[in-house]
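The values are calculated or read from the model by the stated rules, or taken from the named source; none is laboratory data. Quick caveat: nothing in here was measured; it's all calculated off a predicted structure. All Cβ positions, glycine included, derive from the backbone under ideal geometry; neighbour counts span all protein chains shown. The area values use the complete protein model at the heavy-atom level, side chains included, leaving out ligands, DNA and RNA. Shrake-Rupley method; radii C 1.70, N 1.55, O 1.52, S 1.80 Å.
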Amino acid sequence: METINLLAGGPKSEWPVDLNHRLEQNPCIGIDRGTLHLLDMGITPYAAIGDFDSVSANELALIRQCVEIVHQSNPIKDETDTELALQFAGQQFPAAHLTLYGFSGGRLDQLLTNLLMVYRPFLTDVITRLTLQDRHNWIQFYQPGTNLVEKQSGMKYLDFVALEPTTLTLPDEKYQLNRFAVKRPTSFSSNEFLGEQGTFNFDHGIMMVVQSHD
């Protein structure tokens, strides 16, 4: 499956250490100031999405000069720049995996919005093909049923975050559950793989799975 990379404007301190190499492998979409970060790395994005309220007039002119597709939105809107970029990517590349970088660090409200945007109806089609990655975390979202999660290189911990009440079964992780009734949003953190992959089952809502390391 083709991968499309999206870079938001989060601080560089939260980027994976090999981000430049990762971005060079696949088409990229810049989100607001993330577009300038791509250009600074010598990467011309496929498109630039955002209201661009975080860039100067000269920087916006540079973006328009270098990027063929620029979608500038009104700063007063119901959707975030990241949501609009994911919607655009999902429509332009309906069979691609989407990887979002630059989503964390800085403002906590923006991080929470980026984690909970999977409930936006216009992003329903991209949830299961979306990965959020930063320096310490690898985040994916799953729909009800039996799911397989593969261990990512360098990741030690495994967290199952039930965003809604559900029944959760963890049959082959280090700490197991059997049809555990989750009554409120709960993070089952600090679990671990026993091998290179694990399975889990739940019956309602969306499950956020976080692989992480110290």
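Assorted remarks:
- Verdict on P45 being open to solvent by less than 60 Å² (accessible area, probe 1.4 Å), free of Cβ contacts under 8 Å to residues at least 40 places away in the same chain and out of contact with any Pro (no Cβ under 7 Å at 6 or more places or on another chain): yes
- Selection count where residues are closer than 10 Å to I31 by Cβ and of a type in the set (G, A, S), scope region 90-103: 1
- Flag for P75 being touching an Asp or Glu at 6+ places or on another chain (Cβ under 6 Å) and not β-branched (V, I, T): yes
- Annotation: of all residues in region 158-178 being in a loop (DSSP other than H, G, I, E, B) and under 26 Å from Y119 (Cβ atoms), the one that is nearest to the chain's Cα centre (by Cα) is L163.
- When I139, I127 are screened for being under 27 Å from F93 (Cα atoms), at pLDDT below 95, open to solvent by less than 70 Å² (accessible area, probe 1.4 Å) and not hydroxyl-bearing (S, T, Y), only I127 passes.
- Single residue of region 147-157 satisfying the filter (over 17 Å from F188 (Cβ atoms) and not in a loop (DSSP other than H, G, I, E, B)) that is least open to solvent (accessible area, probe 1.4 Å): L148
- Scanning region 98-111 turns up no residue that is modelled with pLDDT of 95 or more and open to solvent by 30 Å² or more (accessible area, probe 1.4 Å).
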